[in-house]
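Derivation of every value follows stated rules applied to the coordinates shown; laboratory data play no part. Since the structure is predicted, the reported quantities are computational estimates derived from the model, not experimental observations. Cβ sites come from the backbone with ideal geometry, for glycine too, and all protein chains shown count toward neighbours.
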Amino acid sequence: MTRATVVDPADLSMNETPYPPLPGVRRVVADGAAALQRYPDRTSSTLVSALSARLGVGPEAIVVGPGSAGLCQHLVQSLGPRPEVVHAALSFEGYPLIVRNAGARAVPVPMDGYDHDLPAMADAVTDRTRCVLLCSPNNPTGAALRRDRVEAFLGRIPADVPVVLDEAYREFVTDPAAPDGMELYRSYDNVCVLRTFSKAYGLAALRVGYAVVPPRLAAAAALTGAVFFPNALGQAAAVASLAPDVTAELTHRCTELVASRTRLVGALRGLGVTVAPSEANFVWLPLGERAASFADRARAAGILVMALPGAGVRITVGSDEANDRLLAFVRSALAEGL
């Protein structure tokens, strides 16, 4: 009796990088295991100093924490007491939970196609608005905001309403019209920027991110977070990830991934599938009511994707092997009348 071959699932649901940690970063983490009995630096001083030098801002403007999502929670929670938070309706699925955890009410604004409807979002801002959340590239649709539209939007937002720009996927952006959050931060006194080491840097398991915020808001956001977080291994790995040789390899990997994204989008469109333009490390299929069934059939075929029922499916750009498996599944599903 022969035993059936079990194929590990291709997990394209979490927007993780297909690349393993770089050897130098792995060594830092391995070496850090020798001091697990010690508490981490509660101020993350070495990491804050490294980020300050990299970004060209004072350390008083930097808050580190458990990824961009965790820092978003800290910011929204610390910016009270106004009761409403404005965000795009089809954006990061964690935003409604973050807003609710902060004791506020979400004000979702319908999309303009795959992108934020910035004029409508500006219209939604009132004297009850605690802050506005922007996501660029937008998760899950992959669209990057345009600099001119963001600047026009910011010109309409009161100076006392913080605008939080979530740039978790910034390293994958190639569109020259997309804004750099740090440039916006320097030009507008109410802009906060969120970034992470989880995606392009491949440190998702260690949960490290950073926020660059107006110094008047930084202390409250830092005090909202958990003590001794990020942990010592996460801090050390993040510092190592900012070294020049790692930056060069990171740039190379991002270039490779963008090329894979282009090939994947082209292949899917060649099969007749509608794919949104993407500036992230994932692609969006606006399948509407077919989204849930697509995800179920993909799971049965050993491929995990992220479905938003009634809207679409988000698929991470994976390794060449995982992408090929996805394309083979799509061909098969189309032949069966998906």
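Of the labelled options [x] 23.2, 80; [y] 20.5, 72; [z] 18.6, 66, which one gives Rg and Dmax of the Cα atoms in Å as computed for this structure?
The value computed from this structure is option [y].
Using a simple charge model, +1 on the beta-carbon of Lys and Arg, -1 on the beta-carbon of Asp and Glu, nothing else, what dipole does the range 24-242 show about its Cα centre, in debye to the nearest 20?
It comes to approximately 680 debye.
Between residue 126 and residue 174, what is the FRET efficiency for a Förster distance of 22 Å, r being their Cβ-Cβ separation, to the nearest 0.05?
Working from the Cβ atoms, E equals 0.05.
Put +1 on the Cβ of every Lys and Arg and -1 on every Asp and Glu Cβ in the chain; which of 157, 304, 169 then has its Cα farthest towards the positive end of the dipole?
About the Cα centre, the residue reaching furthest to the positive side is 304.
How many angstrom lie between the Cα centre of the range 124-158 and the Cα centre of the range 199-266?
Centre-to-centre (Cα) distance: 22 Å.
When the label point is put 7 Å from the Cα of residue 259 along its Cα-to-beta-carbon vector, which residues of the range 322-338 have a backbone N closer than 18 Å?
322-324
Quick check: pseudo-label points 7 Å beyond the Cα along Cα→Cβ at residue 189 and residue 304, how many nm apart are they?
It works out to 4.7 nm between the two label points.
Which peptide among 306-313, 104-111, 255-262 comes first, and what is the full order, when sorted by highest mean count of other Cβ atoms within 10 Å?
306-313, 104-111, 255-262
To the nearest 20 debye, what charge dipole does the range 224-338 have about its Cα centre, counting +1 at the Cβ of each Lys and Arg and -1 at the Cβ of each Asp and Glu?
Using only the charged Cβ atoms, the result is roughly 320 debye.
Run the simple label-point estimate for residue 93 and residue 52 please: 7 Å along Cα→C-beta, distance reported in nm.
That separation, rounded to one decimal, is 3.9 nm.
Expressed in nm to one decimal, what extension gain is obtained for the pair residue 147 and residue 271 from 0.36 nm per residue of sequence separation less their Cα-Cα distance?
41.3 nm
Rounding to the nearest 20 debye, state how big the charge dipole of the range 92-203 is about its Cα centre with +1 on each Lys and Arg Cβ and -1 on each Asp and Glu Cβ.
Dipole size: approximately 320 debye.
Of 145, 211, 227, whose Cα points farthest to the positive end of the dipole of the range 24-242 (charges on the beta-carbon: +1 Lys, Arg; -1 Asp, Glu; origin at the Cα centre)?
After comparing all options, I get 227.
If I model a spin label as a point 7 Å beyond the Cα along the Cα-Cβ vector, how far apart are those points for residue 243 and residue 11 in nm?
In this crude spin-label approximation the distance works out to 2.7 nm.
For the pair residue 156 and residue 292, what calculated FRET efficiency results from E = 1/(1 + (r/R0)^6), where r is the Cβ-Cβ distance and R0 = 41 Å, to the nearest 0.05?
FRET efficiency, residue 292 to residue 156: 0.65.
Which GluC sites (Glu not before Pro) does the range 52-131 hold that lie in a coil by DSSP with at most 15 other beta carbons within 10 Å?
In loop regions of the range 52-131 (DSSP not H, G, I, E or B), the sparsely surrounded GluC sites (Glu not before Pro) are 93.
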